[in-house]
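Worksheet: the structure to be examined is printed underneath.
The values are calculated or read from the model by the stated rules, or taken from the named source; none is laboratory data. Not measured: the values here are computed from a predicted model. Don't worry about glycine lacking a Cβ; one is built from the backbone with ideal geometry, like all the others, and counts go over all protein chains shown. Heads up: the accessible areas ignore ligands, DNA and RNA and are worked out on the full protein's heavy atoms, side chains in. Shrake-Rupley method; radii C 1.70, N 1.55, O 1.52, S 1.80 Å.
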Amino acid sequence: MADQRIPSHQIFMGKTGLFPQEEMLEVGKKQGKLIIGIPKESDKFENRVTLTPEAVELLVNNGHKVIIQSNAGKAANYFDKDYSENGGLIVENPASVYQADIVLKVAPMTLEEIDMMPGNQTIITSFFFNECTRTNIEKMMQKKITAIASEDIKDINNSHPVLRSMSEIAGNTSVLIAAEYLSNVNNGKGVMLGGITGITPTEVVILGAGTAGEYAARAALGLGAFVKVMDSSIRRLRELQITLGRRLYTSVLHPQVIEKALKSTDVLIGAMYINENKNNFFVTEEMVMGMKKGAVIVDISIDQGGCIETSERRTHGNPIFTKHGVIHYCVPNIPSRVARTASIALSNVFSPILISIGEAGGITHELKESPGLRHGVYLYNGILTNPYIGNKLGLPAKDIDLLMAAF
């Protein structure tokens, strides 16, 4: 006779002996089906789109619905047909997109866009803390919106994937921009960025040894320029020196050192992180006055207010101005110049996040399990969770971790 012993995990000890019991299995989380909205950017100088057609196909294959406003990806050379063939639903009316569970866009929300949202939704978009208005924040609070700043999202390595990828692009592109405005084509002084045999190479000074500074240095070195990188952190300078090699000149930030370096430089790239609580001008107007005529300044930090005193925020439609004989390029969304590359980079970050939200069963469950995504939250169900915004606008803010424990 075959052995019919009952497995130990299915046995219950009763008063009269051992009795077979039903096996209790762990119940998995119910996967949520998301409705994701991709609007066309209202800012005419914003050419990026948050999801590529390939990412849309991936999301649709995972059971989600993606609504795309017509021509949302056109500026990045992604067309409606590309999205529809990959399962996306194309709509003409922007209000249809803002009905989605999750609205995903590049530029910060405008008041008109917030008005189109019915409420109790999630937005994931960039957010300029220094430019936020009380009206916009209060409107989102009234609609119980959960708002996530894309640049503040962290990954498992505790880095900021959106910020890092955009900084890589901005750093690389800043050197190409400087090369454009050194040339005769843009009425520059006719100097090639880099150098050739028998000619002294151009000098490039980079303020900041973070991601943008590193990639600016890589690009400038690749073109043959003499590169100086300055930062307040010896650790970052050391890491950069090890990574890029001995051809790189590094120095700590000091007014006299900066002033001396700027007198001979052809290009100055500002890539410093600006403290949220104050403006930091590492280069004064007097230092700019001492620079060579026809030199080029590219202030990547302009989206945080700029790290050079003479910087003035401009757009892609009117990107440069000349002050004290020095050409200034101060446009905040530099990655928009290479919109297709930047869109792919954004999509590579956002698509796994959206899939994870669906697998978790919704945004609340994902926020509980993902401290990295939670780090980007500044509104949760209409409750302000960012103390900096609260102090700036005079609004009460609560701790996101405590809120998650309550919900």
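Couple of notes before you dig in:
- Scope region 201-243; condition part of a helix (DSSP H, G or I) and either in contact with a Pro (Cβ under 9 Å, 6 or more places away or on another chain) or charged (D, E, K, R) (or both); matching residues: E214, R218, R235, R236, R238, E239
- Taken as a whole, region 80-102 holds no residue that is within 30 Å of V298 (Cβ to Cβ) and in contact (Cβ under 8 Å) with a residue 60 or more places away in the chain.
- When A147 is tested against (1) open to solvent by less than 30 Å² (accessible area, probe 1.4 Å); (2) modelled with pLDDT under 95; (3) among the hydrophobic types (A, V, I, L, M, F, W, C); (4) within 16 Å of the chain's Cα centre (by Cα), just one condition goes unmet, and that condition is (2).
- Scanning region 389-398 for residues that are within 23 Å of the chain's Cα centre (by Cα) and either closer than 18 Å to I123 by Cβ or open to solvent by 40 Å² or more (accessible area, probe 1.4 Å) (or both) yields a total of 2.
- Residues that are open to solvent by less than 30 Å² (accessible area, probe 1.4 Å) and closer than 16 Å to N348 by Cα, drawn from region 46-65: R48, V49, T50, L51, T52, P53, A55, V56, L59
- You will find that of A170, A212, A217, the residue that is touching a residue at least 60 places away in the same chain (Cβ under 8 Å), crowded, with 21+ Cβ neighbours inside 10 Å, touching a Gly at 6+ places or on another chain (Cβ under 9 Å) and within 21 Å of D303 (Cα to Cα) is A212 and no other.
- Selected residue (criterion: farthest from D155 (Cα to Cα)) from residues of region 351-384 that are assigned to a helix (DSSP H, G or I) and of a type in the set (S, T, Y): T364
- K33 among the basic types (K, R) and either modelled with pLDDT under 50 or open to solvent by less than 80 Å² (accessible area, probe 1.4 Å) (or both): no
- Residue match in region 224-242 (condition: open to solvent by less than 50 Å² (accessible area, probe 1.4 Å) and acidic (D, E)): yes
- Residues (under 14 Å from A212 (Cα atoms) and open to solvent by 50 Å² or more (accessible area, probe 1.4 Å)) located in region 173-194: L176
- Verdict on A360 being open to solvent by 10 Å² or more (accessible area, probe 1.4 Å) and among the small types (G, A, S): no
- Residues of region 83-93 that are in a helix (DSSP H, G or I) and either of a type in the set (A, V, I, L, M, F, W, C) or open to solvent by less than 10 Å² (accessible area, probe 1.4 Å) (or both): Y83 alone.
- Residues that are within 20 Å of S356 (Cβ to Cβ) and aliphatic (A, V, I, L, M) within region 99-126 comprise A100, I102, V103, L104, I123, I124, listed in sequence order.
- Region 302-312 - residue that is among the polar types (S, T, N, Q) and under 12 Å from L268 (Cβ atoms) and, of those, nearest to the chain's Cα centre (by Cα): S311
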